[in-house]
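The values are calculated or read from the model by the stated rules, or taken from the named source; none is laboratory data. What you see is a predicted model; the values in this text were computed from it and never measured. Cβ placement follows ideal geometry from the backbone for every residue including glycine, while neighbour counts extend to all protein chains displayed.
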Amino acid sequence: MDKTKSLLVTAVLAMCAATSASGAVSLPDVISDYMVLQQNSQARLWGWSDAGAKVVVSTSWNGEAYETVADRSGRWQVQVATPAGSYSPYSITFADDESSVTVSNVLIGEVWLCSGQSNMEMPLNGFFNQPVENGNLEIAYSGQYKGKVRMANVARISALEPIDSVPGKWQECIPVNSRWFSAVGYYFAVQLNRILDVPVGMINSSWGGSSVYCWNSREALEQYDFIDFSMVGNDDVMITKQPTVMYNSMIYPVSDYTIKGFIWNQGEANIDEYRRYPEQLASMVKTWRELWGLGELPFYSVEIPPHSYGNSMAVDAALMREAQHFSAKVIPSSGVICTNDLSKPYEADNIHPSMKQPVGERLALMAAVRTYGIAGIVCDSPEFKSIELAEDGSALLHFDNIENGFVNDGNMQGFEAAGADGEFHPATATLVGKDIKVTCDAVGQVKAVRYCFRNWQVGTVRSADGLPLVPFRAKAD
């Protein structure tokens with residue numbers, strides 16, 4: 001059996017396993033021991049029993065019992081009131097007339113879903129010949145978050161149509177488990193736990209190499225004539241290029257789980273479609289928000305890393321990064337963190353940079369400021385604002401998000417300038433207060449400037465708050 005068919009069969013088996021139990025309460029994997037429920041919410045819980053069976057859900061934190069009746073398919077759902085987050089473990093009992101199931105060691109805190117392709121999927125244990133920086137030590141230390149951080153890894157399966165359940169039980173944070181936690185998701189959770197001082201649960205639903213189209217619904221994609229649905233289920237097409245198949249099997253089955261927001265690390269698979277990416281990402285976010293039905297859930301994403309992408313001097317990846325930042329401006333309640341400083345010199349041909357801790361931490365800072373409203377934290381990187389040409393042939397660049405200025409360490413590489421002919425040449429950049437002056441003897445009067453605007457160009461300019469300058473291109477009017 002080929003890989004694509006095997007994955008699809010697995011999805012069908014998972015759906016059948018969740019719905020075939022007769023005369024007994026059955027729960028999806030995402031409702032299990034060690035789960036984290038969203039604090040101060042009406043958290044949704046669901047499962048299956050006999051059609052018409054009365055189901056009682058009892059929560060230990062308040063002694064309440066919630067009653068419901070299974071529908072014709074046997075599915076039922078309740079909403080339970082959750083208290084403020086704490087490190088106290090609770091239990092939930094699900095019972096019908098013939099059976100009962102108790103879920104133990106339940107924590108109340110903050111719940112986020114992390115998704116995307118391999119840079120989100122990459123575990124603390126790393127990939128073969130591609131480690132996570134200090135990953136082994138972090139795994140060793142992870143037990144200190146045993147009662148603070150949890151993760152559920154959604155199984156990598158695909159489906160032609162939306163399914164009801166997918167494998168992926170919650171796990172507590174101990175070394176034998178944490179080594180397989182998404183590194184970005186783990187560091188996000190750890191930092192958020194330190195900031196908020198409540199448990200943090202992550203549902204990790206990611207698949208290396210996946211296109212943005214894989215994660216959106218058929219209904220949303222049908223309006224686009226460039227989407228080829230004949231690829232879905234086609235054995236000759238890579239599963240990571242097939243529209244909807246991961247939405248059906250890895251998003252839809254967990255969409256009843258009450259969460260606070262999404263973090264997203266994807267884009268490498270769509271570099272050649274950078275013009276379409278903002279619209280496609282916005283469509284996906286809209287689909288997810290409507291599916292969860294919890295309002296405008298925050299969506300924070302990660303800039304694709306510096307990488308050769310087949311030609312280190314080309315600008316395809318730079319255009320994609322530009323598209324990502326544009327997406328963050330047009331998608332409500334969203335943001336993107338800059339990561340162009342987080343690749344090492346030897347990683348030009350490694351699409352999985354080892355520095356994952358700063359990625360998770362920057363996402364957590366953004367969530368702390370924008371979602372939780374914590375004042376006093378800086379989460380936004382400096383961004384180009386305007387260009388001013390001088391009579392001496394130089395250009396003065398002005399920036400947003402630079403209240404405390406740049407780090408004045410003399411290391412300002414990656415600037416290029418062009419004259420009237422539009423040809424770019426290496427340029428010299430120097431600090432002038434909060435501005436940057438760019439000169440270039442090769443062009444005379446500077447007419448345009450760009451910074452780290454190549455596939456592979458590691459950033460060196462950062463704010464005094466430790467956040468990198470977002471790559472940009474600028475042209476004087």
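The strands (runs of 3 or more DSSP E) found wholly in segment 431-477 and carrying at least 2 residues that are of a type outside the set (A, V, I, L, M, F, W, C) and over 31 Å from the mean Cα position of the chain (by Cα) occupy 435-439. Scanning segment 93-147 for residues that are surrounded by 16 or more Cβ atoms within 10 Å (Cβ to Cβ), out of contact with any His (no Cβ under 7 Å at 6 or more places or on another chain) and hydroxyl-bearing (Ser, Thr, Tyr), we see that the one that is farthest from ILE174 (Cα to Cα) is THR93. State all residues of segment 125-164 that are of a type in the set (Val, Ile, Thr) and either outside any strand (DSSP E or B) or touching a Gly at 6+ places or on another chain (Cβ under 6 Å) (or both); if no residue qualifies, say none. Passing the criteria: VAL132, ILE139, VAL154, ILE157, ILE163. THR258 fails exactly one of the following numbered conditions: (1) part of a loop (DSSP other than H, G, I, E, B); (2) touching a strand residue (DSSP E or B) at 6+ places or on another chain (Cβ under 6 Å); (3) closer than 18 Å to MET122 by Cα; (4) not aromatic (Phe, Trp, Tyr). What is the number of that condition? Among (1) part of a loop (DSSP other than H, G, I, E, B); (2) touching a strand residue (DSSP E or B) at 6+ places or on another chain (Cβ under 6 Å); (3) closer than 18 Å to MET122 by Cα; (4) not aromatic (Phe, Trp, Tyr), the lone unmet condition for THR258 is (3).
Looking at segment 268-295 only, could you name the residues that are outside any helix (DSSP H, G or I) and either touching a helix residue (DSSP H, G or I) at 6+ places or on another chain (Cβ under 6 Å) or aliphatic (A, V, I, L, M) (or both)? Of everything in segment 268-295, those that are outside any helix (DSSP H, G or I) and either touching a helix residue (DSSP H, G or I) at 6+ places or on another chain (Cβ under 6 Å) or aliphatic (A, V, I, L, M) (or both) turn out to be TYR274, LEU294. When the test is whether a residue is surrounded by fewer than 23 Cβ atoms within 10 Å (Cβ to Cβ), assigned by TED's automatic domain parsing to the domain that holds VAL330, in contact with a Lys or Arg (Cβ under 8 Å, 6 or more places away or on another chain) and not hydroxyl-bearing (Ser, Thr, Tyr), GLY295 passes it. Taking segment 148-165 as the range and being out of contact with any Lys or Arg (no Cβ under 7 Å at 6 or more places or on another chain), surrounded by 20 or more Cβ atoms within 10 Å (Cβ to Cβ) and within 12 Å of MET250 (Cβ to Cβ) as the test, the residues that pass are ASN153, VAL154, ARG156, ILE157, SER158, ALA159, ILE163, SER165. In segment 100-124, the residues that are in contact (Cβ under 8 Å) with a residue 60 or more places away in the chain form Cβ pairs under 9 Å with partners that are among the polar types (S, T, N, Q) and in a helix (DSSP H, G or I), at six or more places apart or across chains, as follows: GLY109/ASN193; GLU110/ASN193; GLN117/THR240; PRO123/SER178; LEU124/ASN136; LEU124/SER142; LEU124/SER178. Output yes when any residue across segment 457-477 is modelled with pLDDT under 95 and touching a strand residue (DSSP E or B) at 6+ places or on another chain (Cβ under 8 Å), and no when none is. The answer is yes, given that some residue of segment 457-477 is modelled with pLDDT under 95 and touching a strand residue (DSSP E or B) at 6+ places or on another chain (Cβ under 8 Å).
This table checks each residue for (1) crowded, with 20+ Cβ neighbours inside 10 Å; (2) among the hydroxyl-bearing types (Ser, Thr, Tyr); (3) in contact with a Ser or Thr (Cβ under 8 Å, 6 or more places away or on another chain); (4) in the same structural domain as PRO306 (by TED's automatic domain parsing).
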position: SER334; (1), (2), (3), (4): yes, yes, yes, yes
position: LEU363; (1), (2), (3), (4): yes, no, no, yes
position: ALA375; (1), (2), (3), (4): no, no, no, no
position: HIS398; (1), (2), (3), (4): no, no, yes, no
position: GLY405; (1), (2), (3), (4): no, no, yes, no
